[in-house]
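No lab work stands behind these numbers, since they all come straight from the coordinates. Note that the structure is predicted; figures quoted are calculated from it, not measured. Note that we place each Cβ from the backbone using ideal geometry, even for glycine, and neighbour counts take in every protein chain shown.
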Amino acid sequence: MGALTRLLAGLVGDTAARTVLGVVFIMGFLTFNVLFLIWLERKVAGHIQRRLGPMEVGPHGSLQTLADMLKLLSKELFTPLAADRYTYLLAPILIFMPTLCVTSLIPVGDAVAFAEMPYGLIVITALSGLTVISIFMAGWSSNNKYAVLGGLRSVAQEVAYEIPVLLSALSVVLIAQSLDLTQIVDRQSLPYILVEPLAALVFFIGITAETNRAPFDIPEAESELVGGFHTEYSGMRFAMFFFAEYTNMLVLGALGATLFLGGWKGPLLPGWLWIIVKAYAVILLMMWARWTFPRLRFDQLMSFAWKLLIPLALVNLVVTALVVGFVA
């Protein structure tokens, strides 16, 4: 890796070389992550429902997702005649770019991140909010009533559940006295989930809703909206939305592990492996919830956020501020 970096640096400069190699490494890891998570979700769903899941393609169906990717690559890409063409084509690209940027901000071990920032939590929050714009663009530009309804639902859901997620994260910021994710991990002598269990619970529910995972998958509810905001997308355009969804699960799972589970800290294993293990543990809980709870109605979804989660997160934030101020 060092020799390759020096070779590229001689051609395009040191900064450009590090950027290119960082993007290639992150994209390679995220591609493997998506293929693995889709296979894992199928296996988890199968075992929860007392069946085996994929078994035919590769050992225990391990190559099934790769076969699905090749199938999607071969599918025709069509654009509805009445669609807003440029917005329609831009949405699948735009939905993935913020997630790629956010991935580079997560400290992966021993205070190392691809793009470390002193206010990393703010940047991650800002970039994560761009995903909903892409979803709304996809729904509106398709000129399909089901897709438009899915886009509108996504905007309402994102606004509602982003608030308790932020309030929960702010409780951690008050304790750590920093917005730098590296410093937040450094100051966890005990994982903050033991200090802020309510904030951790609200945060987990909020990120499950933000990633449009069941029982919060209202924007793409197939029983109501056919496919929701991505109804009119096919082939790899369709796949880009799911690529972004599973990547977002990893990023938010890693963020949750950073805020509440001690980040890269742990015995025996290297730090980068600990953050991955903890992130996948959070993702496994998301999958477990998906195949356990029924989908909420849209009014229940909104009421749950505005009438329960946000008041709980506010009370928890105020109590945390009082305790921190009293101790200080």
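Less than 5 angstrom separates the built amide H of GLY263 from those of THR258, all sequence-distant by 5 or more or on a different chain. Take the alpha carbon gyration tensor of the range 192-278, find the square roots of its eigenvalues, order them as a ≥ b ≥ c, and report rounded if a/c is under 1.5; if not, report prolate when a/b exceeds b/c, else oblate. Taking the square roots of the gyration eigenvalues as a ≥ b ≥ c, the range 192-278 is oblate. In this simple spin-label model, placing a label point 7 Å from the Cα along the Cα-to-Cβ direction at both ASP186 and VAL23 gives a separation of 3.1 nm.
So, R0 is 51 Å and r is the distance between the beta-carbons of ALA126 and LYS71; what FRET efficiency does that work out to, to 0.05? So, using R0 = 51 Å, E works out to roughly 0.90. Rounded to the nearest Hz, the phi-derived 3J(HN,Hα) couplings of the range 120-126 under the Karplus curve 6.51 cos²θ - 1.76 cosθ + 1.60 (θ = phi - 60°) are x, 5, 5, 5, 4, 4, 5, where x marks glycine and proline.
If contacts are Cα pairs under 8 angstrom and at least 6 residues apart, what is the relative contact order of the chain in percent? Relative contact order comes out at 21 percent. The Cα center of the range 243-313 and the Cα center of the range 157-212 differ in position by 10 Å.
Each Lys or Arg adds one and each Asp or Glu subtracts one; over the other residues with Cβ under 12 Å from the Cβ of VAL132, this totals -2. Counted by neighbouring Cβ atoms within 10 Å, the residues GLU196, GLU56 run from fewest to most as GLU56, GLU196. Each residue of the range 207-213 was assigned a 3J(HN,Hα) from its phi angle through the Karplus curve 6.51 cos²θ - 1.76 cosθ + 1.60 (θ = phi - 60°); the sequence is 6, 5, 5, 5, 8, 6, 8 Hz, with glycine and proline shown as x.
Dividing the convex hull volume of the alpha carbon atoms of the range 51-96 by its residue count gives 124 Å³ per residue. For each pair in LYS43/LYS307; LYS43/LYS71; LYS145/LYS307; LYS75/LYS278; LYS71/LYS265; LYS43/LYS265, compute the distance between the two Cα atoms and list the pairs where it is over 31 Å. Over 31 Å apart, Cα to Cα: LYS43/LYS307; LYS75/LYS278; LYS71/LYS265.
Model label sites at LEU198 and THR292, defined 7 Å from Cα along the beta-carbon direction, differ in position by 2.2 nm. Give me the net charge for the shell around ILE283: Cβ to Cβ below 11 angstrom, other residues only, Lys and Arg +1, Asp and Glu -1. Within the 11 Å Cβ shell, the charges total +2. Peptides 250-261, 133-144 ordered by packing proxy, namely the average of other Cβ atoms within 10 Å per residue, highest first: 250-261, 133-144. Extension gain for SER234-VAL155 works out to 26.2 nm (0.36 nm per residue, less the C-alpha to C-alpha distance).
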